[in-house]
Structure formats: structure tokens, C-alpha cells
1. Restricting to the stretch 87-109, name every residue that is assigned to a helix (DSSP H, G or I), acidic (Asp, Glu) and under 25 Å from PHE68 (Cα atoms).
2. Could you pull out the residue among VAL210, VAL297 that is assigned to a helix (DSSP H, G or I) and either open to solvent by less than 40 Å² (accessible area, probe 1.4 Å) or modelled with pLDDT of 95 or more (or both)?
3. Considering only the stretch 66-98, state which residues are more than 23 Å from HIS384 (Cβ to Cβ) and out of contact with any helix residue (DSSP H, G or I) (no Cβ under 9 Å at 6 or more places or on another chain).
4. Mind listing whichever residues of the stretch 38-55 are more than 12 Å from the ligand (Cβ to nearest atom) and crowded, with 20+ Cβ neighbours inside 10 Å?
5. Please state which of the following conditions SER418 fails to meet, knowing it meets all the rest: (1) under 17 Å from LEU212 (Cα atoms); (2) among the polar types (S, T, N, Q); (3) assigned by TED's automatic domain parsing to the domain that holds GLN203.
6. Residue check: is ARG352 buried (at least 19 other Cβ atoms within 10 Å of the Cβ), assigned by TED's automatic domain parsing to the domain that holds PRO317 and over 18 Å from LEU131 (Cβ atoms)?
7. Residue check, PHE342 against (1) assigned by TED's automatic domain parsing to the domain that holds GLY45; (2) outside any loop (DSSP other than H, G, I, E, B); (3) without any contact (Cβ under 8 Å) to a residue 24 or more places away in the chain, all met but one. Which one?
8. Filter the stretch 131-160 for residues that are under 21 Å from THR374 (Cα atoms) and open to solvent by 10 Å² or more (accessible area, probe 1.4 Å) and give the result.
Amino acid sequence: MPISRRRLFSVGLAVAGGALAGCSSGARGGNESGAQVEVFTWWSGPGEKEGLDALVADFKAKNPGIDFNNAAVAGGAGSNARAILADRLKADNPPDSYQVHAGLELQSDVRAGKCEDLTALYEQQGWKDNLPKSLLDAITLDGKIYSVPVDVHRANLLWYSPKIVTAAGIASPPKTWDEFLVQAEALKAKGLTALSIGPGWTQKHLLETVLLGQLGPDKYLGLWNGRTDWNGPDVLAALGIFTKVLGYSDIASAAGDWQPAIDKIISGAAVYNVMGDWVVAYLSTSKQLVYKTDYAVTTSPGSVGIYDFLSDSFTLPKGAPHRTAAEKWLMECGSTEGQDLFNPRKGSVPARLDSDRALYHGYIAEAIATWLDTDTTVVGSLTHGVVANTVWSAAIDTALAALVHSYDAPAFAAAVASSYQSSR
Ligand code: GAL
């Protein structure tokens with residue numbers, strides 16, 4: 001039976017939504033000293049900075065009296081930034097707005113009392129009517145809305161260079177992980193590395209795509225809401241495939257963030273890389289490479305028709321020192337013009353439904369069509385904050401760091417299952 005977008009989404013997010021009924025949302029207010037706004041993101045590297053710069057330029061043009069303080073902390077898909085942010089929030093020193101993923105990552109912050117309710121701003125700006133319901137659900141808790149999404153990214157993608165794949169004697173990229181392993185063995189025999197990989201978070205990103213491809217969307221979603229048994233035979237088999245896939249990667253020499261791993265599929269140091277569609281911005285804009293000629297993309301093995309989504313959004317932290325300016329920044333993030341400047345440069349689909357489609361070309365135009373196609377099955381990303389709260393996600397990081405050395409799938413599954421119980 002086909003699985004509808006809406007049903008999958010509600011299954012994925014219902015659990016924590018109910019648990020937040022008692023969450024407080026009262027404003028503490030800032031002292032509004034000076035016309036400035038400090039915005040905290042992890043977009044400072046090539047392929048990420050360009051989109052932020054375009055959004056900031058539009059913000060500055062519309063708000064000439066406000067100084068923009070770019071507090072970006074590079075790398076780690078936000079893990080570096082979130083560590084620093086946590087210290088600042090603990091020390092009662094919040095920025096005026098910070099980047100957070102829609103879904104349970106945001107819910108964790110709301111539950112901890114860090115974010116203000118933005119429902120009144122939504123009503124004033126008329127944003128509710130311009131966002132997909134599924135996305136609104138991911139930022140709404142107990143009927144209140146807590147962040148402003150700027151984009152939608154897709155995680156389940158396999159990147160490659162058509163020239164390198166052809167030169168390696170491969171007719172087409174693998175459609176299943178079993179097929180990947182067959183190709184990987186043939187590549188190894190030729191002295192080639194099948195897969196490039198980066199730091200821990202990119203290994204987690206690979207893990208979620210292998211689980212999705214092997215288990216299918218229903219069981220994948222069940223991993224995050226307690227309905228799929230982590231210790232069951234099908235999950236253990238999928239984890240076994242993950243460790244085999246890793247065995248064909250360059251994990252031993254992985255260094256840097258996601259960009260160096262992508263560089264390897266262009267140089268030929270590796271044939272494939274699994275990564276989100278921010279890759280498009282890096283290869284097309286920063287590297288000036290041509291889609292479908294210099295690089296190409298397909299769904300990660302076993303996940304055709306599935307959109308493993310994530311969304312970057314911005315908050316108003318409690319105690320933001322420049323609250324009025326922060327609201328102006330949020331208005332920029334939520335605006336059609338802002339999103340149409342940001343997303344073509346970020347490789348992402350605009351969160352808003354009323355974007356100017358003429359501005360989107362190549363891969364992003366295709367992604368918009370797939371995201372809005374009612375036949376597409378939508379699931380949420382683990383690595384990028386949709387399906388696991390921050391406590392559980394951190395416990396998965398610890399277990400994964402052990403798994404990539406031990407290859408002990410049962411120990412990993414047991415650790416993840418028990419940390420799910422304790423994180424609730
Ligand atoms: C994700 C984020 C993307 C991109 C990526 C790589 O978590 O949502 O926008 O920045 O990290 O850094």
C-alpha cells in the first residue's frame with residue numbers, strides 16, 4: 001500500500017509533540033541596546049556561506065539601520081556551533097537568533113525553555129498559509145510555532161562524476177546497497193576507492209541512508225518512534241550492510257568536513273559520496289562545475305521515491321538582547337524574496353510554497369518538483385535533527401563512534417535501543 005506524505009510525517013513527529021504540552025513560552029525580553037542583530041549559524045564554508053551572504057545582503061538593504069553580526073561557527077553540520085551555543089545559552093548570553101533544524105532538535109530546545117513562541121509573528125506575517133503543513137508540523141508544539149524555516153534539504157543522495165564512473169567501467173550507479181557492494185568489490189580490484197567519507201556526522205548521515213534503503217520508509221520511521229525493534233534481525237542485517245559499506249570507504253584517512261570528501265569524487269580519489277543537496281551549491285557555485293557533466297546525483301541506494309528531508313530554521317531565543325532587530329531578521333528569513341535569494345545559492349528547496357520557480361534551475365528545480373509531488377514519500381533525517389531529540393542523537397553519536405571501529409552491530413543496536421528509552 002502506498003504511504004502518503006502526510007501519514008509518514010505525522011507518525012514521525014507525533015511522539016514528542018504530545019510530550020511538550022507543559023512547555024513554557026513566556027518572553028523574558030532583551031534590553032534592546034543598540035541597533036544590531038547577532039545571528040548564529042554554521043554556514044561559513046564554501047557552498048554554505050554564499051546562500052547566507054545573499055540573505056544577509058537583502059536584510060541589510062531592507063534594514064540599513066541594523067548592524068548584522070555574523071556569528072557563524074564552521075563545520076560539523078552544526079555540531080561545532082551547537083556546542084558553543086549550548087555554553088552561551090547556559091551562561092545566559094544568547095545570540096539574537098540561531099539556526100536549528102526543524103523537528104525534534106528544535107523540540108529539544110523548546111522543551112528546555114530556550115525559544116520564544118513565534119505564533120503572533122506568524123499571524124502578523126501570514127506565513128502559515130505559505131508553508132507546507134508537514135513543515136509547519138515540524139516546528140509546532142502544543143499549537144505554538146517556534147521557528148522560521150528558510151529551506152528544505154534532501155539527505156538521501158548519492159553523488160558521483162559521470163566521467164569517473166564511466167572510466168571505472170560502471171554502467172550506472174547502484175540502485176541497492178547490495179549492488180553497491182558488488183560495484184565496490186570490482187572497484188577495489190582495480191585499486192579504486194568506492195566511497196569517500198568525512199567526520200562522524202557524515203558517517204551518521206551514511207548510516208541513516210543505509211537504514212532507509214535496507215528497511216524501507218515504514219520501518220525506518222519506526223526506528224525513531226519505538227515501533228521498529230533495533231535488536232531485530234532486519235535492523236541487525238542492515239547494520240551489517242552499513243559496516244560492509246564502510247569497509248569500502250576511505251574512513252581511515254577521512255579528514256576535514258563534507259567538502260573535502262566531495263572533492264574526492266571530482267578528483268577520482270573515490271567514486272561515490274553520500275551527502276545532502278548542499279553539495280549542489282558547493283559544486284555549482286563555489287567550484288563552477290556543471291550539473292550532469294562534471295557531477296551527477298541519484299537517490300541513495302534503495303530510496304527512490306523517498307525524500308529524507310531536513311529543514312534549517314531560525315529561532316528567537318529567550319532573552320535575545322536585540323529582540324526587535326531579531327524579529328526583523330526572522331521576517332527576512334520568512335520572506336519570499338529572502339528565500340528566493342538564499343535557496344538558489346544554497347542548493348535547497350524554498351520552505352515557502354509561493355517562491356518564484358523561474359529562479360531555480362537544474363538539480364534544485366528537480367528537487368522542488370519531487371518535494372511537492374504528492375506521490376513522494378517523506379521521512380525525516382536523523383543526522384539533521386528531524387527524528388531524534390538531542391539527548392538520543394548524542395547517545396547515537398557515541399555508539400556510532402564505537403561501531404565504526406568495532407563493527408559490532410548487536411552492541412550498537414543494544415546501545416541505541418536503551419538510550420532511546422532513557423532519552424524520553
Ligand atoms: C546541515 C544543514 C545544511 C548544511 C549541512 C552541512 O545540518 O542543515 O544546511 O549546512 O548541515 O553543513
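1. ASP87, ASP109
2. Only one candidate qualifies: VAL210.
3. The answer is ASN69, LYS90, ALA91, ASP92.
4. GLU38, VAL39, PHE40, LEU55
5. SER418 satisfies every listed condition except (1).
6. Judged against the criteria, ARG352 is not a match.
7. That leaves (3) as the condition not met.
8. The answer is LEU131, PRO132, LYS133, SER134, LEU136, ASP137, ARG154.
The values are calculated or read from the model by the stated rules, or taken from the named source; none is laboratory data. On a predicted model such as this, the values are computed, not experimentally measured, just so you know. In this analysis, Cβ positions are derived from the backbone assuming ideal geometry, glycine residues included, and neighbour counts consider all displayed protein chains. SASA here: full protein model, heavy atoms, side chains in, ligands and nucleic acids out. Shrake-Rupley method; radii C 1.70, N 1.55, O 1.52, S 1.80 Å.
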